[in-house]
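Read through the structure below, which is laid out as structure tokens, and then see the notes.
The values are calculated or read from the model by the stated rules, or taken from the named source; none is laboratory data. Owing to the predicted nature of the structure, the values given are computational and were not obtained by experimental measurement. Virtual Cβ from ideal backbone geometry, glycine too; neighbours counted across all protein chains shown.
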Amino acid sequence: MEVVAYSPEWLPQLGALARAHARLVAPASLPDDQTVERGLDHHHAWPFYSPGMDTSQVRLVIEGDQLLAAGQLGLCDHGWGYGAALGDGPDWLHETHAVLFWLFAWPGWAEAIQGAALLAATTVRQARGEGLPGLEAFRGGAGFLPLGTQCSSRWPHLFAPLRAVGFRQPRPLLVYGGALDPSCLPALDPDVMEHVECHARRGRVEAWLDGIPRGVCDAEMLPPVPTEDRFPTRSTFRPNLDINTPATGRTRRRGGNVLQWAHIRRLWVDNETRSLGIGRALLQTQLQRLADHGATHWALHLPEDPGNGPAHGLYSQFGQVLDRQFVLRVSF
């Protein structure tokens, strides 16, 4: 078992490993090899991570010709990850710090879990050796999965190797989302809409009340995600030596083999005008706009915090909790 740098001949096995994890979180949207390859250098949902990926290191744990585990270490321009709570650790307000964007290992395979622990320990030693105060894991997640995907509760096999080298969990994030069918969106309150004007401006929708902007909802369309009926399992997978073979399949909006996700990046309402239905009007208008632009599904992340009760109530009217995810951290 050894840790090696990624090279293109490992792409077929890395793609299969990525699909194994994607299937546990979003079985309808499995990335093909080309999507995985692009995601190593660019993050679809979080563009500000892409500069860090330009200088990132993708490492593999192999045994002979078999890939056991893989991970990507890069730099980020921000401090503690989204969802951090008071008491999570030191105030990481440095201009740059290290992030283990993702770490994958074959579920149910003891040697692969050992490989993940080896890779995590190697990464922690490097960060500690460079004098950093700590290290984040799964901030933003993998660039080749829908919305990046932090460490999902549906990947329990990954928590043991991360905890073994000191990573701990901050506040969890709930992922809300659902299918975008305009005919099923809740109706807007006519009394609210009599006074609130919603204007679309690029990727955001603004709510104006009495001529004053009182709220905004930002969203972005993500690159289409191909779907697959099945993928090679660890026991049956054999590398495809021709890594230049292009992926096949036609793009269709609905009922086909491509999903079009939209990510709600921010929903904000002025404190003075909350509880007036403005947030509901903003989300409704934004989802309708996204559907008109071809989105088939939407999702957003929200810290699981009692103080976010009204937000949880709002999002549950339009979708459901799809996943519970974590950004993990270790301090030195």
*Mind checking which residues of region 161-187 are in contact (Cβ under 8 Å) with a residue 60 or more places away in the chain and of a type in the set (Ser, Thr, Tyr)?*
TYR176
*Taking helices (runs of 4 or more DSSP H) that fall entirely within region 94-206, which contain at least 2 residues that are charged (D, E, K, R) and surrounded by fewer than 22 Cβ atoms within 10 Å (Cβ to Cβ)?*
110-129
*List every residue pair whose Cβ atoms lie under 7 Å apart, where the two residues are 6 or more positions apart in sequence or sit on different chains, the first residue falls within region 36-59 and is assigned by TED's automatic domain parsing to the domain that holds ALA70, and the second residue, located anywhere, is modelled with pLDDT under 80.*
HIS43/GLY148; HIS44/PRO223; ALA45/LEU147; ALA45/GLY148; TRP46/GLY148; PHE48/ASP77; TYR49/CYS76; GLY52/CYS76
*Just to be sure, is HIS21 closer than 10 Å to GLY143 by Cβ, crowded, with 16+ Cβ neighbours inside 10 Å and within 17 Å of the chain's Cα centre (by Cα)?*
no
_Count of residues meeting criterion [more than 15 Å from ARG59 (Cβ to Cβ) and among the aliphatic types (A, V, I, L, M)] in region 6-17_ = 1
*Evaluation of LEU158 against (1) touching a residue at least 60 places away in the same chain (Cβ under 8 Å); (2) assigned by TED's automatic domain parsing to the domain that holds ALA18 (one fails), failing number*: (1)
*strands (runs of 3 or more DSSP E) wholly inside region 250-332 containing at least 3 residues that are more than 29 Å from LEU103 (Cα to Cα)*: 261-269
*Go through region 60-73 and give me each residue that's more than 20 Å from the chain's Cα centre (by Cα) and buried (at least 19 other Cβ atoms within 10 Å of the Cβ).*
LEU60, VAL61, LEU67, LEU68
